[in-house]
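Below is one structure; the comments refer to it alone.
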Amino acid sequence: MPFNIRTIGVGLMTATLLSGCATKGALRRGLDAQTQALAQERSERIAGDEAVRGEVAGLRTELQGMRTEFGAKITALEEGMRFALPVNFAFDDSNVRPEDQAALDRFADVASKYYGGSEITVAGFADPSGSARYNKQLSERRAESVRDYLVAKGMDGSLIRTVGYGESRQVVEGAVRDEPGAEKNRRVVFIVETKNTTAVQPTVSMAQF
């Protein structure tokens, strides 16, 4: 069959048009897929933001509850949170008192729920009765006693360290034994370190706590 220039030209034009249609179709499909992916990403981001806001609101409620129910003093630090709970000790004793268990239970719940994976320091203190060396050892035993209690409540013991400061940093200077304020010197304080963790941080000022 003899070649016809017109026939060849028409064929080339048809092929070009078909190729162009295929290219446009692929481009359209690609754009549609990209649009869907962006929409999905936006939806997930919105859902994630709402979840974070919900967690922050929940944490704020929990902190306010600890303040109202137990008189806790909670302070935001540069790399964590400081919890001063009314957990005190009898004179020359390191056992957790029954009346302090509810506050410790609440702390364990909040720390486990909102600060999972964070390192926690339990700092123990003593009143100035007795020698400085003995008071330091007593404050260490108090911190360890609280640590053991928290571990028994399900917290990860490998993330809880203890330290004793003895009679330093007294709340009521010089108060000992049964003197007014002496019990406040026999206490523990918690430092929750949130640096490099996924712990939830409240976005509101902690001054009210």
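Derivation of every value follows stated rules applied to the coordinates shown; laboratory data play no part. Everything numeric here is computed off the predicted structure, so don't read it as measured data. Reconstructed Cβ throughout: ideal geometry from the backbone, glycine too, with neighbour counts over all protein chains shown.
Data for the structure
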read-out: Length gained when the stretch Thr75-Thr23 is fully extended (0.36 nm per residue, less Cα-Cα span); value: 12.6 nm
read-out: Sites Ser158 and Lys195 - FRET efficiency at Förster radius 25 Å, r taken between beta-carbons, to 0.05; value: 0.90
read-out: Calculated FRET value between Leu31 and Ala57, using beta carbons and R₀ = 22 Å, to 0.05; value: 0.05
read-out: Theoretical gain in end-to-end length, Thr68 to Asp105 [0.36 nm per residue, Cα-Cα removed]; value: 11.8 nm
read-out: Kirkwood hydrodynamic radius over Cα pairs of the range 59-193, then Stokes diffusion coefficient at 20 °C and 1.002 mPa s, in µm²/s; value: 144 µm²/s
read-out: At q = 0.17, 0.20 Å⁻¹, base-10 log of I(q)/I(0) for the range 137-190 (Debye sum, equal scatterers on each alpha carbon); value: -0.58, -0.72
